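Below is one structure; the comments refer to it alone.
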Amino acid sequence: MVVIGSNGGGPRDPDWAWNVRTNSSAWVCVGRKRRAVRAHIAAGDERQRLFELITARRDSLSRYQERAATFGREVPLVVLEPIDRSKAIES
């Protein structure tokens, strides 16, 4: 699963993206299910591949990235990987 930290293409990353940089353990809700995940911000080839996959389906990411670039910002693409609940930290 990939979450896009576009923040509308604004000058700052959303606060939750900063939280991911500090602590990669998280919980997400998908429908009614709560899952423990390990999060990381995609970079390099991984980010390029994901960006192309996402923009092929949702062109809005391209527009947000263009807007964010005017502020010198790259929209974070946050990869969420399910992990064993017993190994996650709930805060």
Evaluation of R73 against (1) buried (at least 17 other Cβ atoms within 10 Å of the Cβ); (2) more than 16 Å from D13 (Cβ to Cβ) (one fails), failing number
(2)
Return the pair list, or none, for Cβ contacts closer than 7 Å from residues in segment 6-35 that are free of Cβ contacts under 8 Å to residues at least 12 places away in the same chain and hydroxyl-bearing (S, T, Y) to residues that are exposed (fewer than 13 other Cβ atoms within 10 Å of the Cβ) and part of a loop (DSSP other than H, G, I, E, B), at least 6 apart or on different chains.
none
When restricted to R49, R12, R34, the only residue assigned to a loop (DSSP other than H, G, I, E, B) and on the phi < 0 side of the Ramachandran plot is R12
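Considering segment 37-59 alone, what residues qualify as being more than 16 Å from W16 (Cβ to Cβ) and touching a residue at least 24 places away in the same chain (Cβ under 8 Å)? I'd like the intermediate steps shown before the answer.
Taking segment 37-59 and keeping what is more than 16 Å from W16 (Cβ to Cβ), we get 43-59.
Matches in segment 37-59: E46, R47, L50, F51, I54.
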Could you list, in sequence order, all residues of segment 15-31 that are over 20 Å from R73 (Cα atoms), in contact with a strand residue (DSSP E or B) (Cβ under 6 Å, 6 or more places away or on another chain) and not in a strand (DSSP E or B)?
S24
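Each reported figure results from applying straightforward, stated rules to the coordinates on display, with no laboratory input. Everything numeric here is computed off the predicted structure, so don't read it as measured data. Positions of Cβ are generated from backbone atoms using ideal geometry, with glycine treated the same way; all protein chains shown enter the neighbour counts.
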